[in-house]
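Each remark here refers to the structure printed beneath this line.
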Amino acid sequence: MRTQVAIIGAGPAGLMLGRLLQLAGIEAVILERKSADYVLSRIRAGVLEQGTADLLARVGLGDRVAAEGLPHGGIDMCFDGDLQRIDFTARVGRHVTVYGQTEVTRDLMEAREASGALTIYEAGDVAVHDFDGRQPRITWRKDGIEHALSCDFIAGCDGFHGVCRASVPERAIRTFERHYPFGWLGILVERPPVSEELIYAHHERGFALCSMRSLTRSRYYVQVPEGERVEDWSDQRFWDELRGRINPEAAQRLQIGPSIEKSIAPLRSFVAEPLRFGRLFLAGDAAHIVPPTGAKGLNLAISDVAMLGAAFVEHYAERSDAGLDAYSARALARIWKAERFSWWMTSLLHTFPETGPFGRRIQRAEFDYLCGSVAAQTSLAENYTGLSLD
């Protein structure tokens, strides 16, 4: 087999890149080690930056986002029960849209299937070869048979644990990582959201987030120590803890119910540099991880492939490699800004055992400054709704 661009990973990043290339008349094959049903079963983020929603519309997949997505013009920030709304629309004239990552994946997957473009699911033992030369290739096993694909370029959209970054020689790559000593215990429940917009809360017992997937399905989180087990958290224990951490008015409105999904997600910040190795390019979680506090993970992956897709189009349409040559530096500049914002949100809203009472006083001063400063609110709104690709 041969194609122009081989994409490894059929998550939102890989599928969006495939869509962008297909619309430009560039051949691309996507390889995914899991089944399509497994990919769609993953519960992930649900806040789209305005740029992400705009890109979905631009590639012909904006109808469901427009019909079912929930536009939010701001968020509530809470510190020990004190509430401050950050008005995105007033500060920067933009908004975000609550629309689950699973639904983004579904829209992209169905469009690709309808177009007849090739996606190979359940591809085992995927390996990348010769990406430092002019004729890279990929091998994999499916149904007991070995397969090979030659291509012009490889796009590694295969996640943090994928094969692409792991195949780069250690001497050629540098990684930066921050591990946080806590995680998010999250539950999904068939109950209306407690608020029309997200509530981010800091409490002396830890962080809490009131989010949603729709007008009838809510997603809630509480900070838990590293090493905590889901089995030790009954639904009732979770609801009691959440009520104690959010502002009293929201706690009274909260509608509880049996969880339909419950899990703990560890938090980390991670960046790999560079993002290009010959004819292999990294994008999405293969290149970076952010704490979910700033709602950047999915959006950052989409911005990566928007840049990479434009660079591939420039290569094939204009015979110019300027975009490919600039991709790593350009994407990393935006990635580090998103890493900074996610780190800042995490630092403000979580409890850090090592910082003690002094650290909490600093967090309180930061919150008070945010409440009283239009400039600080504008900065938060600008970053939360999404920085320009430029």
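Please compute the Cα-Cα pair-distance distribution of segment 20-171 with 10 Å bins starting at 0, giving whole percents from short to long.
In order of increasing distance, the bins hold 9, 28, 30, 20, 10, 3, 0 percent.
What is the Rg over Rh value, at two decimals, for segment 306-390, using alpha-carbon atoms and the Kirkwood definition of Rh?
That ratio equals 1.20.
Regarding segment 164-313, what whole-number volume in Å³ per residue does the convex hull of its Cα atoms give?
Value for segment 164-313: 139 Å³ per residue.
In what sequence, highest mean first, do 4-14, 373-383, 124-134 appear when ranked by Cβ atoms within 10 angstrom?
The peptides rank, most packed first, as 4-14, 373-383, 124-134.
Let me check the size of segment 225-360 from its C-alpha atoms; what are the radius of gyration and Dmax in Å?
20.5, 62
Tell me the Rg and the Dmax, in Å, that the Cα atoms of segment 2-66 produce.
13.0, 37
Positive end of the charge dipole of the chain (Lys, Arg +1 and Asp, Glu -1 on Cβ, about the Cα centre): tell me which of Met109, Cys210, Gly133 has its Cα farthest that way.
Projecting each Cα onto the dipole axis, the largest value belongs to Gly133.
I need the peptides 143-149, 86-92, 195-201, 293-299 ranked by packing, meaning the mean over residues of other C-beta atoms within 10 angstrom, with the highest value on top.
Order by mean packing, descending: 293-299, 195-201, 86-92, 143-149.
So for the pair Arg134, Glu27, with labels modelled 7 Å out along Cα→Cβ, what separation do we get in nm?
Result for the modelled spin labels: 1.9 nm.
Ignoring everything except DSSP H segments at least 4 long, calculate the 222 nm mean residue ellipticity for the chain; use -39,500 (n - 2.57) per segment, divide by total residues, nearest 500.
-12000 deg cm²/dmol
How big is the antiparallel share of DSSP beta bridges in the chain, given as a percent to the nearest 5?
The answer is about 75 percent antiparallel.
So for segment 199-255, what are the equivalent ellipsoid semi-axes in whole Å, largest first, each being the square root of 5 times an eigenvalue of the Cα gyration tensor?
The equivalent ellipsoid of segment 199-255 has semi-axes of 18, 14, 11 Å.
Regarding the chain, what are the three Cα extents along the principal axes, ordered largest first, in Å?
That works out to 61, 41, 41 Å along the principal axes.
Which of the three applies to segment 95-249, rounded, prolate or oblate, going by the alpha-carbon gyration tensor with a ≥ b ≥ c and a/c under 1.5 meaning rounded?
Since a/c reaches 1.5 and a/b is larger than b/c, the shape of segment 95-249 is classed as prolate.
Across 10 Å bins from the origin, how do the percents of Cα pairs in segment 106-184 run, short distances first?
13, 36, 32, 17, 3
Per residue of segment 158-163, what does 6.51 cos²θ - 1.76 cosθ + 1.60 with θ = phi - 60° give for ³J(HN,Hα)? Whole Hz please, x for Gly and Pro, Karplus curve as stated.
Once rounded to whole Hz, the list reads 9, x, 4, 9, x, 7.
Dipole of segment 191-338, Cα-centred, from +1 at each Lys and Arg C-beta and -1 at each Asp and Glu C-beta, to the nearest 20 debye?
Charge dipole, segment 191-338, about its Cα centre: 160 debye, nearest 20.
Less than 22 Å apart at the alpha-carbon level, and either on another chain or at least 8 residues along: which lysines does that give for Lys142?
Here the lysines satisfying the reach criterion relative to Lys142 are Lys34.
Relative contact order of the chain, please, whole-number percent, based on alpha carbon pairs below 8 angstrom and at least 6 residues apart.
Over the chain, the number comes to 21 percent.
Treating only the Cβ of Lys, Arg, Asp and Glu as charged (+1, +1, -1, -1), what charge dipole size does the chain show about its Cα centre? Round to the nearest 20 debye.
That gives a dipole near 260 debye.
Taking the Cα centre of segment 18-143 as origin, sum charge times position over the Cβ atoms of Lys and Arg (+1) and Asp and Glu (-1), and report the length of that vector in debye to the nearest 20.
280 debye
Go through segment 85-97 residue by residue and turn each phi into a ³J(HN,Hα) via Karplus (6.51, -1.76, 1.60, θ = phi - 60°); whole Hz please, and just put x for glycine and proline.
Per-residue couplings from phi come out as 8, 9, 8, 4, 4, 5, 7, 10, x, 10, 9, 10, 10 Hz.
Only Cα pairs within less than 10 Å get springs; with that Gaussian network setup on the chain, which residue of Asp63, Asp158, Asp304 has the largest fluctuation?
Asp63
Largest first, please: the extent of the C-alpha atoms of segment 320-370 along each principal axis, to the nearest Å.
56, 23, 11
Above 15 angstrom, tally the Cα pairs of segment 223-277 and express them as a % of all pairs, no decimals.
Cα-Cα pairs in segment 223-277 separated by more than 15 Å: 63 percent.
Quick one: what are the phi-derived ³J(HN,Hα) couplings along segment 266-271, Karplus 6.51/-1.76/1.60 with θ = phi - 60°, whole Hz, x for glycine and proline?
After applying 6.51 cos²θ - 1.76 cosθ + 1.60, I find x, 10, 8, 10, 8, 9 Hz.
Enumerate the amide H contacts of Gly183 below 5 Å, restricted to partners 5 or more residues apart or on another chain; note that Pro and chain-start residues carry no placed amide H.
So Gly183 has HN proximity to Val224, Glu226.
Quick note: the coordinates plus some simple rules give every number you see, no bench work behind them. Since the model is a prediction, treat every value here as computed from it, not as a measurement. Note that we place each Cβ from the backbone using ideal geometry, even for glycine, and neighbour counts take in every protein chain shown.
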